[in-house]
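Heads up, the thing below is written out as structure tokens.
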Amino acid sequence: KQEIRNAALEKHREDIDERDNQKEADKNVVTTPSLMSKERRAQLIEAHVLIANDIFKRNLAEDEVMQKFTILPNYQDIMQQIDDEVRDKIEEFINDILKSHQEKKDKIAYWTEILKEGETKAELKSIGLINEFKTRQNEQLKQINLKDPTDKELQEYKDWTHTNLAELEDKLMLVEMKLVESLGLANTEFSKDVENINNEMTTKITKFTDGVQDLINQFQTDLKDHAYKLNEEVTKEEDTPTYQDIGDDADLLQLIYDKDILAQFFEQCKENQENKMSEKNNVMRSDINNDWKNIKEKLTENQHDRNRNIILEIIDFCKDKKKDVEDLLEQYGFGMDE
């Protein structure tokens, strides 16, 4: 038995040396995802909570130290008891978070429609102002005898065009300014609504991961109690049925023979599991917040681009109209001073 103890100590030293490489090893761990429909999977990806679906088994599989204990008798039974509770918690969380995500999607879709309606109304108003100007301009043009216009008629037409184009430009700019102002105020309220939903979602994520971590802690406690009982049996002076049952399994015997090493392994497992749960919590929370940040920036960028383009169109329209008048007057040898 002393030889076994020495071998266990040596194995423990090797594990300590390899501990720094654990993170790199974790990247290569492959877990089998729980079966789900393509539609369900797409929903979880869109809501940024796919990793929640198999978070318990994935965290265990990613923990190299925890994997040492999979050779313990009854490991699967102990794990399955906790997994049943975790599955209930996962289903409850996913259903809840998907409802919140759908609420957010509906709100964003509604707001996008409101933006389009506001922009359409502003554009229709601007079109009305432009058409009104064109009608009045044509009426002014009809008052000129184009076969033999006088300088006075041409000057009046020029003055009228300049004056009314300036007024039109001001009106069109005002329409756009009012739209930007009204949408800006509404944007603020809309953003608050979405951010409130996001805050609720991230709070639910933390509550969920804390709950799963509690179950993982319970699993580790149950597993540790089981391992300690095995340790007690195999370290007795006399041969026990337990020792006889596992005596031929050198790896298992080496794992459980030294209680101090067992305790260190379980402490390391506890730290690993808490770190992995924290990482996944942060990933889900960050993805949700970053997704909204990108959507918000895109909406704002689109509004700014539209506003800039409309202003340029107004300026170009007024320039073109002035140029039309210049071309007309030049036909009669009447120059326009700018």
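A short reminder: the numbers here are calculations on the coordinates, not readings from a lab. Values in this document were obtained by computation on a predicted structure and should not be read as measured data. Quick reminder, even Gly has a Cβ in these numbers, built from the backbone with ideal geometry, and neighbours come from all protein chains shown.
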Could you order the peptides 193-200, 50-57 from most to least packed, using the average number of other C-beta atoms within 10 Å per residue? 50-57, 193-200
Set 125/178; 121/323; 105/192; 178/293 screened for pairs whose C-alpha atoms are more than 19 Å apart: 121/323; 178/293
Cβ-Cβ FRET estimate between residue 74 and residue 249, R0 fixed at 22 Å, reported to 0.05: 0.95
From phi via Karplus (6.51, -1.76, 1.60), per-residue ³J(HN,Hα) for region 217-227 in Hz, x at Gly/Pro: 4, 5, 4, 5, 5, 4, 5, 5, 4, 5, 5
Nearest-0.05 FRET efficiency for residue 99 and residue 290 at R0 = 22 Å, using Cβ-Cβ distance, is 0.55
Quick calc: nm separation of the 7 Å Cα→Cβ label points for residue 156 and residue 116 -> 4.8
Enter the per residue convex hull volume of region 2-331, computed from alpha-carbon coordinates, in Å³ rounded to the nearest integer. 167
Enumerate the calculated ³J(HN,Hα) couplings along region 91-98 in order (Karplus 6.51 cos²θ - 1.76 cosθ + 1.60, θ = phi - 60°), each rounded to whole Hz, writing x wherever the residue is Gly or Pro. 4, 4, 5, 4, 4, 5, 6, 5
In whole angstrom, the spacing between the Cα centers of region 142-166 and region 187-240 equals 83
Taking placed amide H atoms and a strict 5 Å upper bound, the residues 5 or more places from residue 235 or on another chain that come that close are none
Using 31 Å as the Cα-Cα cut-off, could you pick out the over-long pairs in 57/298; 147/171; 68/280; 107/171? 57/298; 147/171; 107/171
